[in-house]
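Engineer: Let me begin by handing over the structure; questions about it come next.
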Amino acid sequence: MSGRGFGFWARSLAPALALVLVPTLAFAAAGLGHVGHARWTDNYDADFRKYSKRYFGPGFDWRWFKAQAIAESRLRPGAYNPSGATGLMQILPSTFKEIQGDNPAFTNLHDPRWNIAAGIFYNRYLFERWRKRIGHGDEHLLYTFASYNAGFGRVSKAYRRAGGKAGKVLPWRQLAPYVPEETREYVKKIQRLMHPAFDLQANLDQRGLIQKDAGRLSLPAGRANPRSS
């Protein structure tokens, strides 16, 4: 992660309310089913709801983060990556410790509740960075997921190569060819999981209200994504 870190972001949140519109493509389920399918446990739904509401507001569809956790770990709380990334949201212990510094209630990376909380917390930080850079637009959430996977710096470079400039929102389909293939597939997987779970037109008509106060965030500069050190 580059820049001034979570603390600066939280202290300087613009008073304007952000709106999220994410145009989801009509992908086939590709073997995953949709996010609400019985194959995916609902054991953690309450935590996805709670922390989505806390960091993104009551109008935001919490299932985006459940879909992300499926893409990360297939909702396995014991999932472990050789890089050290752990849990439902695949977060490094070092990254969790930094987030925990200003969130002492996040007591255990291996507890699904706090793993989810930290992952959504970090998503909000990335979302806000893109909002500050490209202004209000419909692509923020896909940019956020890409940055969670590949790191903000890498996606930012891809954005410039794709012709993006400050204040200019590029459609995800225009940016996607410039990010790593793994990241394209990651975002596509989340979209596939979400498509059957909600009505696209309703999403366009009822824009998800994102709350402005996400608490004090202070992950130090230098952290690229939850799986990097």
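Engineer: So which GluC sites (Glu not before Pro) in the range 58-137 pass both tests, a DSSP loop state and at most 14 other Cβ atoms within 10 Å of the Cβ? Show your work: numbers first, answer last.
Structural biologist: Values: sites: Glu72, Glu98, Glu128; in loops: none.
Hits after loop and neighbour filter: nothing returned.
Engineer: Moving to a separate point now. Separation between the Arg74 and Ala105 pseudo-spin-labels, each 7 Å from Cα along Cα→Cβ, expressed in nm?
Structural biologist: The two pseudo-label positions are separated by 3.3 nm.
Engineer: Hey, could you grab the Kirkwood Rh for the range 45-121? Inverse mean 1/r over distinct alpha carbon pairs, Å, one decimal.
Structural biologist: Numbers: mean 1/r = 0.0817 Å⁻¹.
Evaluated over the range 45-121, this radius sits at 12.2 Å.
Engineer: In addition: Kindly put His34, His140, His110 in sequence by how many other C-beta atoms sit within 10 Å of each C-beta, fewest to most.
Structural biologist: On the way: His34 18, His140 26, His110 13.
In order of increasing Cβ crowding within 10 Å: His110, His34, His140.
Engineer: When 1/r is averaged over all different Cα pairs and the result inverted, which Kirkwood radius in Å belongs to the range 59-197?
Structural biologist: Working: mean 1/r = 0.0647 Å⁻¹.
Over the range 59-197, the inverse of the mean reciprocal pair distance is 15.5 Å.
Each value in this text was obtained by applying a stated rule to the coordinates, not by laboratory testing. Worth saying up front: this structure is predicted, and the values here are computed from it rather than measured. Cβ atoms come from the backbone with ideal geometry, glycine included; neighbour counts cover every protein chain shown.
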